[in-house]
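The values are calculated or read from the model by the stated rules, or taken from the named source; none is laboratory data. Keep in mind that what you see is a predicted model, and the values were worked out from it rather than measured. Cβ atoms come from the backbone with ideal geometry, glycine included; neighbour counts cover every protein chain shown.
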Amino acid sequence: MNTPPAIPQQLLTDISQILDQSRHHIQRTVNAGMVQAYWHVGRLIVEHEQQGAERAEYGKQQLEQLASALQGEFGKGFDVSNLRNMRRFYLAFPIQDALRPELSWTHYRSLIRIESGQARQWYLNEAVEQNWSARALDRQISALYYERLLTSTARQPVEQEARQQTQPLQVSPKDYLRDPYILDFLNLPHQSLLESQVEQALIDNLQQFLLELGKGFAFVARQQRISCEDQDFYVDLVFYNFKLKCFLLVDLKLGKLNHQDVGQMDTYVRIYDEQRRGDDDNPTIGLILCSERSEAVAKYSVLTESKQLFASKYLPYLPSEEELREELKRERQLIQVQQHLNQDK
């Protein structure tokens with residue numbers, strides 16, 4: 001009995017690629033069609049059920065009757081809650097041409113809960129540009145990514161930030177680093193930790209940490225050795241930002257930030273600039289991630305004036321929105337005080 005010839009691997013690979021591309025295309029087409037359909041449903045509800053009036057409270061009984069009729073024909077996806085979301089969807093995005101086919105209905109359900117139109121548009125653009133999954137978008141909204149970015153960059157006009165969706169003409173590290181960083185995805189225990197344990201947890205969850213760092217970052221090394229004449233140093237984590245065109249050195253610190261931590265990072269940055277920085281690279285930046293800030297160190301150390309050294313607090317859990325807003329409020333006040341001190345010099 002003759003053995004049938006083996007299937008050529010290249011043929012199998014080519015067919016698999018075609019089917020994968022087709023499956024992806026079909027999924028995107030279905031998602032785009034669903035988004036468009038739900039937008040039109042929301043439009044009809046607003047225009048015909050409420051005569052275009054944007055009211056928070058509307059005919060609940062009428063909406064329940066509509067949901068009952070639609071569910072009988074089209075299934076559970078048209079209950080009162082979803083119809084209310086479709087209505088909100090249309091009100092949040094009244095221009096149909098502004099809808100992005102890259103985003104699914106799940107993306108838009110997260111976007112419509114954002115009250116600020118500027119923040120909503122910023123999250124939409126970032127989700128498209130950074131190819132965020134719906135889950136990633138939801139986490140960034142919950143972690144007040146936009147608000148933290150505004151605080152970290154210390155740019156007061158929200159309108160200016162909203163316009164700078166991609167890379168501004170002149171960028172600085174302050175435009176990309178923020179405070180605090182939220183490391184809830186590490187699931188760190190509440191008992192005493194070692195810095196090495198935090199570092200290992202970040203490596204184990206590198207993809208999520210890169211998302212929290214922001215756009216443009218790529219992982220380079222862990223515990224990278226740099227040397228001077230009589231001593232070796234080891235940098236906890238090293239990244240490169242392709243938008244800033246520079247290396248980012250990250251040093252993890254448990255407990256309160258102190259002057260020694262700042263001096264150590266200053267040494268790292270100086271050595272790295274001398275030994276590893278390429279001719280086309282911008283100056284290296286150093287970020288100290290600490291579990292507790294020190295206002296005295298922030299005010300009376302080289303952190304005050306340095307354009308290359310930064311310190312940010314990290315939170316091992318996702319706080320409530322109220323707690324996080326209070327944290328950002330305190331940070332914003334510290335920034336304003338620092339700006340006044342710089343003006344008085």
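Quick check, is Ser301 closer than 22 Å to Phe239 by Cβ, among the small types (Gly, Ala, Ser) and crowded, with 17+ Cβ neighbours inside 10 Å? Answer is no for this residue.
Taken over the stretch 209-243, the residue count meeting the criterion of being surrounded by 15 or more Cβ atoms within 10 Å (Cβ to Cβ) and not in a strand (DSSP E or B) is 9. Taking only the stretch 82-112 into account, find how many residues are among the charged types (D, E, K, R) and under 22 Å from Gln208 (Cβ atoms). Residues flagged as among the charged types (D, E, K, R) and under 22 Å from Gln208 (Cβ atoms) within the stretch 82-112 amount to 2.
Within the stretch 284-301, if we keep just the residues that are touching a strand residue (DSSP E or B) at 6+ places or on another chain (Cβ under 6 Å) and either in a loop (DSSP other than H, G, I, E, B) or of a type in the set (A, V, I, L, M, F, W, C) (or both), the residue that is farthest from Arg148 (Cα to Cα) turns out to be Thr284. If the condition is being at pLDDT 70 or above and either in contact with a Ser or Thr (Cβ under 7 Å, 6 or more places away or on another chain) or basic (Lys, Arg) (or both), then the stretch 11-28 contributes only Arg23.
Can you find a residue in the stretch 137-144 that is of a type in the set (Ser, Thr, Tyr), buried (at least 20 other Cβ atoms within 10 Å of the Cβ) and modelled with pLDDT of 80 or more? Scanning the stretch 137-144, I find no residue that is of a type in the set (Ser, Thr, Tyr), buried (at least 20 other Cβ atoms within 10 Å of the Cβ) and modelled with pLDDT of 80 or more, so the answer is no.
Applying the selection to the stretch 43-68, what residues are modelled with pLDDT of 55 or more, in a loop (DSSP other than H, G, I, E, B), in contact with a helix residue (DSSP H, G or I) (Cβ under 9 Å, 6 or more places away or on another chain) and more than 11 Å from Arg87 (Cα to Cα)?
Step one: filter the stretch 43-68 for residues modelled with pLDDT of 55 or more, giving 43-51, 59-68.
Among the residues that remain, those that are also in a loop (DSSP other than H, G, I, E, B) are: 50-51, 59.
After this cut, where a residue has to be in contact with a helix residue (DSSP H, G or I) (Cβ under 9 Å, 6 or more places away or on another chain) as well, the list is 50, 59.
Selection gives Gly59 alone.
In the stretch 230-240, is there at least one residue being modelled with pLDDT under 90 and within 25 Å of Arg293 (Cα to Cα)?
If we filter the stretch 230-240 for residues that are modelled with pLDDT under 90, which is where we start, we get 230-231.
Filter once more, so that each one left must be within 25 Å of Arg293 (Cα to Cα): none.
No, the stretch 230-240 contains no residue that is modelled with pLDDT under 90 and within 25 Å of Arg293 (Cα to Cα).
Would the stretch 231-243 turn up any residue that is touching a residue at least 60 places away in the same chain (Cβ under 8 Å) and over 21 Å from Ser133 (Cα atoms)? Yes, because at least one residue in the stretch 231-243 is touching a residue at least 60 places away in the same chain (Cβ under 8 Å) and over 21 Å from Ser133 (Cα atoms).
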